[in-house]
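Enquirer: One structure, as structure tokens, below. Some questions next.
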Amino acid sequence: MIYRLPPLNALRVFEAAARHLSFKEAANELSITQAAVSHQVKSLEEYLGVELFRRSGRGVQLTEAARAAMPRLREGFDALAAAVEQIRERGEETDLAITAPPVFTARWLMPRLADFSKRNPKIEVRVVGSSKMVDAGALDTAVMAGTLDLRDDTSGVEIHLGLGEYPGYRSDRLFGVTMVVVASPELGSSLKKPEDLAQSMLLHDDAMDLVAHGNAWQKWLEAAGVAERVDAAHGPHFSSNILSLEAASQKLGVALALRPLVNADIASGRLVAPFATEMKPVGAYYLVCPEVIADRPAVATFRQWLLEKANSA
């Protein structure tokens, strides 16, 4: 059968613009100019003889014809990627890139990673800490790293704190989390009840606010029933939970943390959790990777190992 298809690049640009409902976002994803996106979309419309987008405010909306075609087009791209993956001749894979939230990387993954390397000495691991792996509020659409080239022999996996809903990606739940208050042993000894936090410096960080989908301290204080007696707005802000935990250990103030990530700090006495009150976010940690590479040797090996460690944690 002879297939009469439009240029693949134009289809790829259209799919990105349709998914984002934005020529600007599509241009950012594909690393091209917005003008190039408009040109590709226009050429595809001329080829097909139908209009694909209509302007709507600052963005665009799909026409009925484009909306009807999108599911099949996405299926086609998935099938094409899978077919290319299947027919490629591949030697033994040795590279694995792992992208994870910084606090997960430092507090949970790193203490266990030596065991993976010992069991699999031929797999070269590259670890990247990224706050983008924390899905906003554990409710919104995830931001995938998007740096993986399926033509490359390097496999990439991501650890997300979210709901586990990632279309086109394989997702394995690792474990849930609870949000607790932590402090140095010296500061923690003066905290007998949650209202005592009114006399403490509250340490804020962007990651906890993302997890809580708002001011994390405000929500924890509400859960503890002392929101009207403790000012949730005061205190220094940090870009990551790693920094706020370090500040807490250095007696700068009191931080919020996720268990089980800080279990080792508490067990060693580096930090204490003075209150029984815990807040349980909606999300959990997930291992995520594109479906088309999920069965690659390095990915499958890492997945099996990580699930084993998570189940025994």
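Enquirer: Rank-order 99-109, 239-249, 119-129 by packing density, defined as the average count of other C-beta atoms within 10 Å over each peptide's residues, highest first.
Expert: 99-109, 239-249, 119-129
Enquirer: Need one number: nm distance between label points at Gln218 and Ala267, each 7 Å from Cα along Cα→Cβ, rounded to one decimal.
Expert: It works out to 3.6 nm between the two label points.
Enquirer: OK, next. Kindly provide the helix-only [θ] at 222 nm of the chain, computed as the sum of -39,500 (n - 2.57) over DSSP H runs of four or more divided by all residues, to the nearest 500 deg cm²/dmol?
Expert: -11500 deg cm²/dmol
Enquirer: So, in nm, how far is label Arg58 from label Ala36 when the simple model puts each one 7 Å beyond its Cα toward the Cβ?
Expert: 2.4
Enquirer: Calculate the spin-label point distance for Leu80 paired with Asp295, positioning each point 7 Å from the Cα along the beta-carbon direction, and give it in nanometres.
Expert: 2.2
Enquirer: I would also like to ask the following. Got a number for carbon plus sulfur as a percent of the chain's accessible area, 1.4 Å probe?
Expert: Carbon and sulfur together cover 51 percent of it.
Enquirer: Please pull out the direction-averaged projected area of the range 164-313, using the convex hull of its alpha-carbon atoms, in nm² to one decimal place.
Expert: 9.7
Enquirer: To continue, here is another question. Report the Cα-based extents of the chain along its three principal axes, largest first, to the nearest Å.
Expert: That gives 77, 52, 26 Å along the principal axes, largest extent first.
Enquirer: What FRET efficiency would be calculated for the residue pair Met110, Arg67, taking the C-beta separation as r and a Förster radius of 30 Å, to the nearest 0.05?
Expert: Computed FRET efficiency for Met110 and Arg67: 0.10.
Enquirer: Tell me the angle of helix 64-87 to the major Cα principal axis of the chain, expressed in degrees between 0 and 90 and rounded to the nearest ten.
Expert: 80
Enquirer: Give the relative contact order (percent, whole number) for the range 1-81; include only Cα pairs under 8 Å separated by 6+ residues.
Expert: Answer for the range 1-81 is 27 percent.
Enquirer: Give me the 1.4 Å probe accessible area per residue for the chain, excluding ligands and nucleic acids, in Å².
Expert: 53
Enquirer: Just report the Cα centroid separation between the range 19-47 and the range 104-133, whole Å.
Expert: 37
The values are calculated or read from the model by the stated rules, or taken from the named source; none is laboratory data. Note that the structure is predicted; figures quoted are calculated from it, not measured. Here Cβ is always computed from backbone atoms with ideal geometry, including for glycine, and neighbour counts include all displayed protein chains. With ligands, DNA and RNA removed, areas are computed over all heavy atoms of the protein, side chains included. Shrake-Rupley method; radii C 1.70, N 1.55, O 1.52, S 1.80 Å.
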